[in-house]
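Trainee: First the structure, which I've put down as structure tokens, then a few questions once you've had a look.
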Amino acid sequence: MKDLYTLPKAELHLHIEGTLEPELALELAAKNGVELPHGSVEELRRQYDFEDLSSFLDLYYATMSVLREAADFEALTAAYLRRAAAQGLRHVDVFFDPQAHVSRGVPVEAVITGIRTALDAARAELGITSTLVMCFLRDRPAAEALALLESLGDQLGRIDGIGLDSAEVGHPPALFAEVYDRARAAGLHVVAHAGEEAGPDYVREALDVLRVERVDHGIQCLQDPALVERLVAERVPLTVCPFSNVRLRVVGELADHPVLRMLELGLFVSVNSDDPAYFGGYVGDNFQGLRDALGLTDEQAETLARNSVDASFATEERKRALRAEIDAWSRAR
């Protein structure tokens, strides 16, 4: 069996704030004079045991309070890219949550500048290409999301797409229809979280009302055979996050995860790390975890990697180059 960490991959479902490791969180807290409730790496890491999505989000938002200026977002993004590069990452569509920062008085320009600086450096230094996807918090008013989108001005040209994340249940995709209409009119890619904790109806609504190009998570589609048929026929990408699903109690344990069943059904799935600092591992770790728990074969891993490239927002030229890298990995003994 081959080393899955060397398999060339793209990552399509990655929240940059979710890559904040305890060590960097405490370092930035000291730099910026922010007092965290847990004063050591060990104490902070012990909090990373969640009952559900809501308990995770409570810690997630509290910890990101250490991110105050462009240099912090640059350090955060650079640290993620170094770790992911060592696990085979070649392209990433990065998510970020501007409302979580603007609400704390951090200018959106600082957030975008910091992330973009690190992404640009990684292209030259690590050979990682990227796009930037601005996600809206679905548990905040849609009018706030629309106002933020319309206020971006020159910054609009520095993002590549929009997404929808945070607490899913009770916040259906259709609430954000106007936001998505405006984003598409501006030429942006559109994705949305759906079918993580909420049911298949949220997936269908994301497709029909928001007209998304990809569904983030989407595992609850398995409750609805007709929806599965549609997703297969329309080749809708589903960005599945195995470690995340286990840590947030969406799936009991990794051995029960449906990702390989989804692959067998013909669904267009990829494997991603979501919030790796909180969920126990980066993209390569997720692949290896699936091998250990489910017997993921080299051929299945290769299919998942190809799916990640094909469903990414990389240029067609870049996709061809990455497919060639996967071909070379496949041929190597």
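Trainee: Do you know which residues across segment 193-223 are free of Cβ contacts under 8 Å to residues at least 60 places away in the same chain and within 16 Å of the chain's Cα centre (by Cα)?
Mentor: Narrowing segment 193-223 to residues free of Cβ contacts under 8 Å to residues at least 60 places away in the same chain: 193-195, 198-213, 215, 218-223.
His193, Ala194, Gly195, Val212, Glu213, Val215, Gly218, Ile219, listed by residue number.
Trainee: Still on this structure, please answer the following. Out of Leu14, Leu44, which single residue is in a strand (DSSP E or B) and either out of contact with any Leu (no Cβ under 8 Å at 6 or more places or on another chain) or within 22 Å of Arg249 (Cβ to Cβ) (or both)? Walk me through how you get there before you give the answer.
Mentor: Working: Leu44 fails: in a strand (DSSP E or B).
Answer to the check: Leu14.
Trainee: Residue by residue through segment 82-107, note down the ones that are within 16 Å of the chain's Cα centre (by Cα), within 21 Å of Asp72 (Cβ to Cβ) and not aliphatic (A, V, I, L, M).
Mentor: Arg83, Phe95, Phe96, Asp97, Pro98 - these are the residues of segment 82-107 that are within 16 Å of the chain's Cα centre (by Cα), within 21 Å of Asp72 (Cβ to Cβ) and not aliphatic (A, V, I, L, M).
Trainee: Given the criteria buried (at least 18 other Cβ atoms within 10 Å of the Cβ), under 30 Å from Gly170 (Cα atoms) and in contact (Cβ under 8 Å) with a residue 12 or more places away in the chain, does Thr129 qualify? I'd like the intermediate steps shown before the answer.
Mentor: Numbers: buried (at least 18 other Cβ atoms within 10 Å of the Cβ): yes; under 30 Å from Gly170 (Cα atoms): no; in contact (Cβ under 8 Å) with a residue 12 or more places away in the chain: yes.
Against the criterion (buried (at least 18 other Cβ atoms within 10 Å of the Cβ), under 30 Å from Gly170 (Cα atoms) and in contact (Cβ under 8 Å) with a residue 12 or more places away in the chain), Thr129 does not qualify.
Trainee: All but one of (1) under 21 Å from the mean Cα position of the chain (by Cα); (2) at pLDDT below 95; (3) among the aliphatic types (A, V, I, L, M) hold for Val34; which doesn't?
Mentor: Against the list (1) under 21 Å from the mean Cα position of the chain (by Cα); (2) at pLDDT below 95; (3) among the aliphatic types (A, V, I, L, M), Val34 comes up short only on (1).
Trainee: I'd like to verify a number: residues in segment 294-333 that are among the hydrophobic types (A, V, I, L, M, F, W, C) and under 28 Å from Ala255 (Cβ atoms), how many? Show your work before the answer.
Mentor: First pass over segment 294-333, keeping only residues among the hydrophobic types (A, V, I, L, M, F, W, C): 294, 296, 301, 304-305, 309, 311, 313-314, 321-322, 324, 326, 328-329, 332.
From what's left, under 28 Å from Ala255 (Cβ atoms): 294, 296, 301, 304-305, 309, 311, 326, 329.
Number of matching residues: 9.
Trainee: Could you list all residues from segment 50-73 that are among the aliphatic types (A, V, I, L, M), part of a helix (DSSP H, G or I), under 12 Å from Ile115 (Cβ atoms) and touching a Phe, Trp or Tyr at 6+ places or on another chain (Cβ under 9 Å)?
Mentor: Result: no residue meets the conditions.
Trainee: If you take the residues of segment 17-41 that are assigned to a loop (DSSP other than H, G, I, E, B) and in contact (Cβ under 8 Å) with a residue 60 or more places away in the chain, which of them is surrounded by the most Cβ atoms within 10 Å (Cβ to Cβ)?
Mentor: At the first step, the residues of segment 17-41 found to be assigned to a loop (DSSP other than H, G, I, E, B) are 20-21, 33-40.
Next cut, in contact (Cβ under 8 Å) with a residue 60 or more places away in the chain only: 20-21.
Values: Leu20: 25, Glu21: 18.
In this case the residue turns out to be Leu20.
Trainee: Still on this structure, please answer the following. Can you tell which of Ala206, Ala226 is surrounded by 15 or more Cβ atoms within 10 Å (Cβ to Cβ) and either at positive phi or among the hydrophobic types (A, V, I, L, M, F, W, C) (or both)?
Mentor: Working: Ala226 fails: surrounded by 15 or more Cβ atoms within 10 Å (Cβ to Cβ).
Exactly one of Ala206, Ala226 is surrounded by 15 or more Cβ atoms within 10 Å (Cβ to Cβ) and either at positive phi or among the hydrophobic types (A, V, I, L, M, F, W, C) (or both), namely Ala206.
Residue by residue, here is whether (1) surrounded by 17 or more Cβ atoms within 10 Å (Cβ to Cβ); (2) free of Cβ contacts under 8 Å to residues at least 40 places away in the same chain; (3) closer than 17 Å to His91 by Cβ; (4) over 18 Å from the mean Cα position of the chain (by Cα) holds:
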{"residue": "Ser244", "(1), (2), (3), (4)": "yes, yes, no, no"}
{"residue": "Asn272", "(1), (2), (3), (4)": "yes, no, yes, no"}
{"residue": "Asp275", "(1), (2), (3), (4)": "yes, no, no, no"}
{"residue": "Asp285", "(1), (2), (3), (4)": "yes, no, no, no"}
{"residue": "Asp292", "(1), (2), (3), (4)": "no, yes, no, yes"}
{"residue": "Glu299", "(1), (2), (3), (4)": "no, yes, no, yes"}
{"residue": "Leu304", "(1), (2), (3), (4)": "yes, no, yes, no"}
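Trainee: Hey, another quick one. When you check Thr63 against the structure, is it farther than 30 Å from Ala328 by Cα and either buried (at least 20 other Cβ atoms within 10 Å of the Cβ) or touching a Gly at 6+ places or on another chain (Cβ under 8 Å) (or both), yes or no?
Mentor: Numbers: farther than 30 Å from Ala328 by Cα: yes; either buried (at least 20 other Cβ atoms within 10 Å of the Cβ) or touching a Gly at 6+ places or on another chain (Cβ under 8 Å) (or both): yes.
Criteria met by Thr63.
The values are calculated or read from the model by the stated rules, or taken from the named source; none is laboratory data. These figures come from a predicted structure and were not determined experimentally. Don't worry about glycine lacking a Cβ; one is built from the backbone with ideal geometry, like all the others, and counts go over all protein chains shown.
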